[in-house]
Structure formats: structure tokens, C-alpha cells
């Protein structure tokens, strides 16, 4: 694989945009890899950026624009607010950097599609992180799908109560995106299992929208909510119907992380990190691997791909397709109408 400077990669030199949870997981992973090195970091707060950079042996730069211009970087990892992903990814690709970005790639399908085309034109890697595909629940789901026969119904619920709701960009539609855009993995997991979507219907509720909060990470969006509850029904081309519920904040009273799949010969139930199968032979547990270390696993795959060319677990085109479904859900919620989906 060639470096951003045009030579052969022996050590991957990395810059990170962001200093939050994901950025730290990336930096920790890079420290364990002899074939990669964190070189530079840019964040919203100068003090936080300098502290982060010292901790991981990197240089603190003032802005993300300065980071993508930093000399001899091979790879830029974009780990900040959702609304900024597309702009940073584009600038890095235009400077011939490889790019890793947390989902969503952008808040619009058109912007995401243009970034994929730009990466192809520049012959640069554009990888959209979807660590849910690497997790124990997803692996157990795919490993046991055949055992329940033909799936016809799925239900996926993730609820996170927060009292009080945090003053964070993750509670601002302008910065986080529509709930199922910002939380794209809730749809991506199902699409990875069940294939193309034919129809989408969605409803969304925001509780008590106001102007409190500064976004917490460079966000200065126009309105923050204290809670949201978003529900969507997906009709898949294969015939399966799935219901997805995503909610967080002060209007949610009990945490829930549950995934169920019904087939004509049995059903799969995942409750938190526990799984079981129910069929004609009874009710029995199934092994579910850990959710720990997934950002490290994703980072290791990216570095390995850059050095060896080995394929990654997820393509940007697959992430784009799910983003298009999420935007169809947003349109359905706005209009009250079901959307016949064809990207």
C-alpha cells in the first residue's frame, strides 16, 4: 500500500481529530502497534488537546485544518461531532490522506456518496467504522440465524435513560443528526443480516427542545433536547419485518438493550450480553462474545489493510446504503408517510 507521500508504508503515521471516548480508544490501540504511530491530535479545547497529546506522545495542533495539513501523515482518524465528519474527511482526502471516520460518514447521503467517489478518484482508503459488526452479539446472531429457519420478524430496542440529560452535542439534532442517522448502527446491524430494504415507516419524538448546553465538543447547534424516542418499521425485500426503537434521555425510565429474531423454526433472543435460542428442542443459552476491545480490533484491521491490502470487514458503500435507509426514515417521520425505498 502506498503512503500519502507516495512511498511505501512501513509505519503508518496517524493524526486524530477529537479527544473524546472514541479518540482515546483509537490512541490506546495505536500505542500497542509497532507498525503505527500517533503523530498529531486536534480537538475543540486547547487544554484538552494538549493533555491528550502528552498522554499519548503526540503533537497537539490548534485546528483540524492544521492537522490534515500536518507533514507526512498517512492516515486521519475522524472522531469528533457527527456534523463535522464529512467536512474533515473531504479535506483529508483532498490532501491524499487515508481516512477512518466514525459513522455516519456524513449527515446527508449526497455528501457521503461524493466522499466515496473522491476516495476512489484519489486511490485513498475511506473506512467507515461499524464496530457493531465485530461485536459478540452480532457474531452470535449471524452464527445462529440458520438454526431458526426463515426469519420473518425482528425487534431491536436500545434505550438509555439519562437524568439529567447531558449538555452534549449528542442531544442536538443539528450536530448529532436524526436519531437513526446518528445511531446508524441500529439499522446497519439488521441490514447486514437481512439485506435490502423495500419500505420504511418511522415516528420520532423530541422532548423539551431548548437552547441549553454548548455542545460539549465544539457544538454550537441551535436546539438541544432532553430526550428522544424514535421508532421505525423496516420491510425487507426478503419479506422480513423489523421494528427498531432508539431512545435516550430524561423521558426514558429504564435501560434496555434487546434484540429478537423470529423464524419459522425458532427464535433468537439477545438481552444485554446474554443470548438464547428457543425452538422445538426447548430453550437453551447460546455463547455471546464480549463487546470489549472493538475499537482496537477495528484499528488493527485498518493498519493491517494499509500495510498488506487485506480486505476490511465493512465497505463505505454498505454504510452509505444504511445511511440512505436512515434518511428515508427521517423523511417518513417528517411526513407521516411510509417511504418506498430505492436508493
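Quick note: the coordinates plus some simple rules give every number you see, no bench work behind them. Keep in mind the model is a prediction, meaning the values are calculated, not measured. We place every Cβ from the backbone using ideal geometry, glycine too, and count neighbours over all the protein chains shown.
The table below gives the values:
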quantity: 0 to 90° range, to nearest 10: angle between helix 316-335 axis and the chain longest Cα axis; calculated: 60 degrees
quantity: Length released on extending from residue 209 to residue 145, taking residue separation times 0.36 nm less the Cα-Cα span; calculated: 19.0 nm
quantity: Sorted by Cβ density within 10 Å, fewest first, the residues 176, 194; calculated: 194, 176
quantity: Gain upon complete extension [residue 121, residue 308; 0.36 nm per residue less C-alpha separation]; calculated: 65.3 nm
quantity: Rg/Rh ratio calculated on Cα atoms of the chain (Kirkwood radius); calculated: 0.97
quantity: Beta bridge orientation in the chain: antiparallel %, DSSP, nearest 5; calculated: 60 percent
quantity: Over the chain, relative contact order from alpha-carbon pairs under 8 Å, at least 6 apart, %; calculated: 19 percent
quantity: Which of 162, 142 has the fewest Cβ neighbours within 10 Å, and the rest in rising order; calculated: 142, 162
quantity: For 45, 227, 185, order by how many other beta-carbon atoms lie within 10 Å, fewest first; calculated: 45, 227, 185
